[in-house]
Structure formats: structure tokens, C-alpha cells
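One structure is given below, encoded as C-alpha cells.
Bear in mind that the values in this text are calculations on the coordinates, not laboratory data. What you are looking at is a predicted structure, and each value in this text was computed from that prediction instead of being measured. Please note: Cβ atoms are built from the backbone with ideal geometry, for glycine as well, and neighbour counts cover all protein chains shown.
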Amino acid sequence: MRIDVVTIFPEYLAALDLSLVGKARRAGLLDLRVHDLRDWTDDRHRTVDDTPFGGGAGMVMRADVWGRALDELLAADGPARLVVPAPSGEVFTQRRAEALATEEHLVVACGRYEGIDARVVEHYRDRGVAVDELSLGDYVLNGGEVAALVMVEAVGRLLPGVVGNPHSLVEESHGEAGLLEYPVYTKPPVWEGREVPEVLLSGHHARIERWRRDEALRRTARRRPDMIAALGDGDLDARDREV
Ligand code: 6GU
């Protein structure tokens, strides 16, 4: 998969050299390219923004600069999907990450200030480009860079071969079960007087599985009642309903 990220702060994305995503890049599983939007400016000051028509606070990113950058990158390697992080977008979820992970080429356009001139998204949609405006959640960041980091990591770890043991992807929070993950423990068996739940040392696989499901259900009900409400009819059996 190829991902192009366009930003006025390319250094923000340096973290993507590290850890799993960095390894995926070096292994050739992810072709990630970070670009400076100012490379597509045409004035001495390398201007990317201006004051908003209609007045108001802050600055708006110019459509012409973004247009030059996106014309080049969207045409670069076959059809690409355009991702625009914005607090006004639809919520980025594990389902959205899974969908993006099936794409061949993503271009992520990081806005700053009050955002990007609204004609940019309209223009590319009219030209048949699939555009996702996506938000991390209900709070405001200073720009799309942190969201791009989040999205590249969430998508990158789903690419075949990136996570060493694909089983790790199955039982996690926001996975197939629609529940938060159960608590996990490792050595030492006693720490600060706290023991690991006995069942986990029992070697009794069926009991361990049942205990983990109970804990996942309890945790989800307490922390995320919205996720319990969203479960389908077939997701809970009679035993689950006792928890
Ligand atoms: Cl994607 N961008 C900005 N600027 N703020 C956010 C966000 C994105 N998601 C949540 N807050």
C-alpha cells in the first residue's frame, strides 16, 4: 500500500519511522511518503493560507496550493482515495481503518488553522475521487497531523504481514466481538500483594475463555454502554446475559 501525507509540518510525522509502522516501511509493506505542502507554493514567502472570506477569526488554507499538491499526488500511482482529517468529519473507527486498509493508495491532506478552503473537497469529489473527511473524536486539535499519525498507525497495522501474529488482531478491543478487550496479566504472579486471577493459572482453557468473556462483557457494560446497545441479536447468548 502507498500512503502520501501532505502537511506544513513534515517533522510531525517522524514518529512513523519507528516501531511497527517503521518496520513495515523498511520491509516494503508500506510505501509511506511525507510531503511539505509548501513545495507546491509559487511565491517567495511560500504562502499556504489567507484570511477567510466573510470575515472571522483565523486563517484558511488556500485551494490553489492544495489543488497543485493533490493533482500531482492523486494521479501518481493509479486511483487514490483522499483522506482529510478534520474535527467536522465522520468519526474514524476500527471499521473505517479496516476499509482504508483495503485501498492501494491513500493521500492524507493535513489542514491547519481553520481548515482547508471547502472547494477543495467538492472539486475532487466532483472529479470522481473518493474523499473521506474523518475526525478522531469530539475534541479539537491544532491540525490534522496527529490524526494522520493515528490513521496511518491504525491502518498500517492491519496490512498483511505487519503484525507478526495475526491472532493479535482478532481478540482486541473494537474487534469482531464488539466488546472491549479483557484484562491481561504476566509475571510476576504476585505483585504488591496482588495476585493474578486464579483461573488464568488453572490451565483450564474453557474456564479461561469464559472468564475472559465475562470480564470483557462487564468492562464494556461499565465503560461503553453504547457498545453493548449496538450488539446484534446473535451477539449475546443466555450465559452472557447473566453477567
Ligand atoms: Cl481529524 N483534526 C483536528 N484538527 N481536530 C480533531 C480531529 C481532527 N479529530 C478530532 N479533533
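Take the Cα of D214, step 7 Å toward its Cβ, do the same at L20, and the gap between the two points is 3.0 nm. The value of relative contact order for the stretch 172-242, using C-alpha pairs under 8 Å at least six residues apart, is 35 percent.
Hey, what's the Cα Rg ratio for the stretch 45-88 versus the globular rule of thumb, 2.2 N^0.38 Å? Walk me through the numbers before you get to the answer.
Values: Rg = 13.3 Å, N = 44, 2.2 N^0.38 = 9.3 Å.
Against the compact-globule rule of thumb, the ratio is 1.44.
Highest GNM mean-square fluctuation among D42, D31, D117, for the chain modelled with Cα contacts below 10 Å: D42. Measuring nothing but how far apart in sequence close Cα pairs (under 8 Å, 6+ apart) lie, relative to its length, the chain scores a relative contact order of 19 percent. I need the chymotrypsin sites (Phe, Trp or Tyr not before Pro) found in the stretch 28-102, filtered to DSSP loop residues with at most 15 other beta carbons within 10 Å of theirs. Filter output for the stretch 28-102: F53.
Apply 1/(1 + (r/R0)^6) to the Cβ-Cβ distance of E171 and D71, taking R0 = 30 Å, and write down the FRET efficiency to the nearest 0.05. Please report the intermediate quantities before stating the final value.
On the way: r = 43 Å, r/R0 = 1.44.
The formula returns an efficiency of 0.10 here.
Taking a sphere under 15 Å around the Cβ of L74 and counting the other residues whose Cβ falls inside, with K and R at +1 and D and E at -1, yields a net charge of -3.
Which shape class, rounded, prolate or oblate, goes with the stretch 172-242 when its Cα gyration tensor gives a ≥ b ≥ c as root eigenvalues, a/c under 1.5 marks rounded, and past that a/b bigger than b/c marks prolate? Judged from the Cα gyration tensor, the stretch 172-242 comes out prolate (a/c at least 1.5, a/b above b/c).
Annotation for the stretch 19-76: trypsin sites (Lys or Arg not before Pro) lying in DSSP loop with at most 13 further Cβ atoms inside 10 Å of their Cβ are R44. For the stretch 172-242, with only Lys/Arg (+1) and Asp/Glu (-1) charged at the beta-carbon, what is the dipole magnitude about the Cα centre, in debye rounded to 20? Once rounded to the nearest 20, the dipole reads 240 debye. Computed about its Cα centre, the charge dipole of the stretch 42-127 is approximately 160 debye, with only Lys, Arg, Asp and Glu carrying charge at their Cβ. Count the DSSP beta bridges whose two residues both fall in the chain, then state the antiparallel fraction as a percent rounded to the nearest 5. Of all bridge pairs located within the chain, approximately 20 percent are antiparallel.
Farthest toward the positive end of the dipole of the stretch 172-242, out of T220, P183, A238, is the Cα of P183, where the dipole comes from beta carbon charges about the Cα centre. Every helix of 4 or more DSSP H residues in the chain counts as -39500 (n - 2.57), and over all residues that averages to -9000 deg cm²/dmol at 222 nm. First check a/c for the stretch 91-160, with a ≥ b ≥ c the square roots of the eigenvalues of its C-alpha gyration tensor; if it is under 1.5, answer rounded, and if not, answer prolate when a/b is larger than b/c or oblate otherwise. Here the stretch 91-160 falls in the oblate category.
For the chain, the normalised intensity computed at q = 0.11, 0.17 Å⁻¹ comes to -0.72, -1.25 (log10 of I(q)/I(0), Debye sum over alpha carbons, equal scatterers, no solvent).
Going through the stretch 83-184, which trypsin sites (Lys or Arg not before Pro) have at most 12 other Cβ atoms within 10 Å and a DSSP loop state? Intermediate values should be presented prior to the final figure.
Numbers: sites: R95, R96, R112, R119, R125, R127, R157; in loops: R127, R157.
Listed in order of number, the matching sites are R127.
Expressed as an acute angle from 0 to 90° and rounded to the nearest 10, what is the orientation of the C-alpha long axis of helix 63-74 relative to the principal long axis of the chain? For 63-74 against the chain, the angle is about 60 degrees.
Once you charge only the Cβ atoms, +1 for Lys and Arg and -1 for Asp and Glu, what is the size of the charge dipole of the chain about its Cα centre, to the nearest 20 debye? Could the numbers behind the result be given before it?
Numbers: 31 positive and 43 negative charges, 136 e Å.
Computed charge dipole of the chain: roughly 660 debye.
Around the amide H of E181, modelled in the peptide plane, lie the amide H atoms of S173, H174, all under 5 Å away and 5 or more residues distant in sequence or on another chain. When the chain is treated as a GNM with alpha-carbon contacts under 10 Å, the residue of L180, L217, L201 showing the greatest mean-square fluctuation is L201.
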